[in-house]
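So the structure is just underneath, and the comments pick up after that.
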Amino acid sequence: MKTIILALMIVASAARAQTASSNNSSLTAEVNSVYPQVQTLYADLHQHPELSSHEVNTAAKLASQLRALGYAVTEHVGGSGVVALLRNGAGPTIMLRTELDALPVEEKTGLPYASKVRTKDDAGHDVAVMHACGHDIHMAALVGTAEIMAKTKDQWHGTLMLISQPAEETVGGAKGMLADGLFTRFPKPDVGVALHTTNNLPAGKVGIAPEYALSNADTVNITIYGRGGHGARPETTVDPIVIAARTILGLQTIVSREIKPGNPAVITVGYIQGGTKNNIIPDEAHLGLSVRSFTPEVRKHLLSAIQRVAKAEAEAADAPKLPLVQVTESTDALYNDPKLADRLGQVLSQALGAGNFEKSPPEMVSEDYSAFVQAGVPSFYFRLGVADPVKFKESEASGVPLPSNHSPFFAPDMEPSLKTAIEAEVVVLRNLLGNGSSSTAGGQ
Ligand SMILES: [Zn+2]
Ligand SMILES: [Zn+2]
């Protein structure tokens, strides 16, 4: 009896595998047919990275390739942003987004196509430049996807809107494109799609965190005022260094004592500056904080508690002036529409194989794609594994993490990463764009 059941199970699983592979074989062929150009573009983009808000040549390359594929291309949208539209009859408008920018990081991967670019940053410093966040994977994949979608217009209907966004790393690019009329000069999408590389998954796999995927991020600067003087005469001073030290400890109990366990929150003091010399008590001390959360309620609580703690510590020390607490930069949490996550998760699982799709936990990092969601575009934002599968297994066994995004050693496994990105984008877009059936974009 056991043998019969086992035999039936084997037959059933073989049948499943066959269905998955026959569904996939035509898509695999489509991806293979565009891959050589995609790889050339990727290596070129990787070797010629440009810093945030300076993505002039990168944007021009994408614009010319998309124009050649038949897209109606508009350049210089919110800086170096590019909008490429392909209209294909009645139906929803679906947006796919890539970023354009690279980072001031000196590449140490040793790859034959490693970047050797150096430039001056906005402050005039000489810096090396590297695509250390994988935005070159996103761009090259988007062009490959654009080509497949343009060649197979019989398989979808509606409007495909491809956007290339500048300045993601400095979190101003999405807002810049919106302010320049992204959703008024061009159609407002019914659904938005984006992916991001990660070494937390091996190449070939994708993941999605439904609902909150990435966090709110607030940059907070605190100036603490004291009264300076001689280091040997503390009784004549109010020491801002001591107030700063107490403030830091006070800030560290906000998350542990005031936020309900299970509600993710982070307060990191990334820098403390004050003073010039051992025997001088300074007038001021400065703290730089990174504050992370998911929900608006937790965010509000953290920001107001930071004010309260900073003020109370200054008052306790009899400081001559209350501290200045400023929120200098903010990005909203990225929310994945749960219905879209469910529907498109199934689509990806079917196309890539169930073992190549997983629900991932939310992360406390952030990015400005959230600005498009805030502007009213329900979205599907997923993660693309780019780790070399062998190195991924070794890292799991040894417990030594692989280099993360922004590391000088970040090196996506090129071919499977690009191919999986294109495959995933095409199946998601075809599903959202009706796939020849009467279904429309959902999840709203
Ligand atoms: Zn990044
Ligand atoms: Zn990035």
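Scanning the range 75-102 for residues that are farther than 23 Å from GLU367 by Cβ and not in a strand (DSSP E or B), which turns out nearest to ligand 2 (Cβ to nearest atom)? Only one residue fits best here, namely PRO92.
The set of residues in the range 328-343 that are among the hydrophobic types (A, V, I, L, M, F, W, C) and surrounded by fewer than 14 Cβ atoms within 10 Å (Cβ to Cβ) is empty.
Hey, among the residues in the range 384-411 that are closer than 20 Å to THR28 by Cα and within 16 Å of ligand 1 (Cβ to nearest atom), which one's surrounded by the most Cβ atoms within 10 Å (Cβ to Cβ)? Ranking the candidates gives VAL386 first. Taking first residues from the range 339-356 that are in contact (Cβ under 8 Å) with a residue 12 or more places away in the chain and partners that are acidic (Asp, Glu), the Cβ contacts under 8 Å between residues at least 6 apart in sequence or on separate chains come to ALA341/GLU211; ALA351/GLU423; LEU352/GLU423. Just one of the listed residues (PHE357, PHE380) is within 21 Å of ALA424 (Cα to Cα) and within 16 Å of the chain's Cα centre (by Cα), and it is PHE380.
Listed residues VAL143, VAL127, VAL105, VAL83; which is in contact with a strand residue (DSSP E or B) (Cβ under 8 Å, 6 or more places away or on another chain) and either among the charged types (D, E, K, R) or more than 16 Å from ligand 1 (Cβ to nearest atom) (or both)? Unique residue meeting the criteria: VAL83. Cβ-Cβ distances below 6 Å connect the following pairs, each with a first residue in the range 398-417 that is modelled with pLDDT of 95 or more, a second residue that is within 13 Å of ligand 1 (Cβ to nearest atom) and assigned to a helix (DSSP H, G or I), and a separation of six or more residues or different chains: PRO412/ILE137; SER417/ILE137. Within the range 164-185, does at least one residue satisfy the condition of being among the aliphatic types (A, V, I, L, M) and farther than 24 Å from LYS61 by Cβ? Yes, some residue in the range 164-185 is among the aliphatic types (A, V, I, L, M) and farther than 24 Å from LYS61 by Cβ. The set of residues from the range 48-74 being farther than 19 Å from ALA194 by Cα, in contact with a Gly (Cβ under 8 Å, 6 or more places away or on another chain) and outside any loop (DSSP other than H, G, I, E, B) is empty. Comparison of GLN346, GLN350 shows that the only residue that is exposed (fewer than 14 other Cβ atoms within 10 Å of the Cβ) and within 30 Å of MET95 (Cα to Cα) is GLN346.
Does ALA150 qualify as being touching an Asp or Glu at 6+ places or on another chain (Cβ under 6 Å), more than 16 Å from ligand 2 (Cβ to nearest atom) and at pLDDT 95 or above? It is false that ALA150 is touching an Asp or Glu at 6+ places or on another chain (Cβ under 6 Å), more than 16 Å from ligand 2 (Cβ to nearest atom) and at pLDDT 95 or above.
Here ALA375 meets the list (1) away from ligand 1 (no atom under 16 Å from the Cβ); (2) among the small types (Gly, Ala, Ser); (3) buried (at least 23 other Cβ atoms within 10 Å of the Cβ) almost entirely, failing just condition (3). Of the numbered criteria (1) surrounded by fewer than 21 Cβ atoms within 10 Å (Cβ to Cβ); (2) in contact with a helix residue (DSSP H, G or I) (Cβ under 9 Å, 6 or more places away or on another chain); (3) among the basic types (Lys, Arg); (4) closer than 28 Å to LEU384 by Cβ, the one ARG292 fails is (1). Could you run through the range 204-218 and say how many residues are surrounded by 20 or more Cβ atoms within 10 Å (Cβ to Cβ) and of a type in the set (Ser, Thr, Tyr)? Total meeting the criteria: 1.
The set of residues in the range 378-423 that are outside any helix (DSSP H, G or I), of a type outside the set (Val, Ile, Thr) and within 14 Å of ligand 2 (Cβ to nearest atom) comprises TYR381, PHE382, ARG383, LEU384, SER404, ASN405, HIS406, SER407, PHE410, PRO412.
Among the conditions (1) at pLDDT 95 or above; (2) within 13 Å of the chain's Cα centre (by Cα); (3) within 16 Å of ligand 2 (Cβ to nearest atom), the only one that THR170 does not satisfy is (1).
Among residues of the range 232-249 that are within 13 Å of PRO323 (Cα to Cα), those with a beta-carbon under 7 Å from a residue that is modelled with pLDDT of 95 or more and assigned to a helix (DSSP H, G or I) at least six positions away or on a different chain give the pairs ILE243/GLU313; ILE243/ALA314; THR247/VAL309; THR247/ALA310; THR247/GLU313. Among the residues of this structure, HIS131 does not count as one that is under 22 Å from ASN32 (Cβ atoms) and either touching a Phe, Trp or Tyr at 6+ places or on another chain (Cβ under 8 Å) or within 16 Å of ligand 2 (Cβ to nearest atom) (or both).
Filtered by the rule that a residue be of a type in the set (Gly, Ala, Ser) and within 12 Å of the chain's Cα centre (by Cα), the range 182-221 gives ALA194, ALA213, SER215.
The values are calculated or read from the model by the stated rules, or taken from the named source; none is laboratory data. Note that this is a predicted model, so its numbers are computed, not measured. Because the Cβ atoms are built from the backbone with ideal geometry, glycine has one as well, and the counts that use them run over all protein chains shown.
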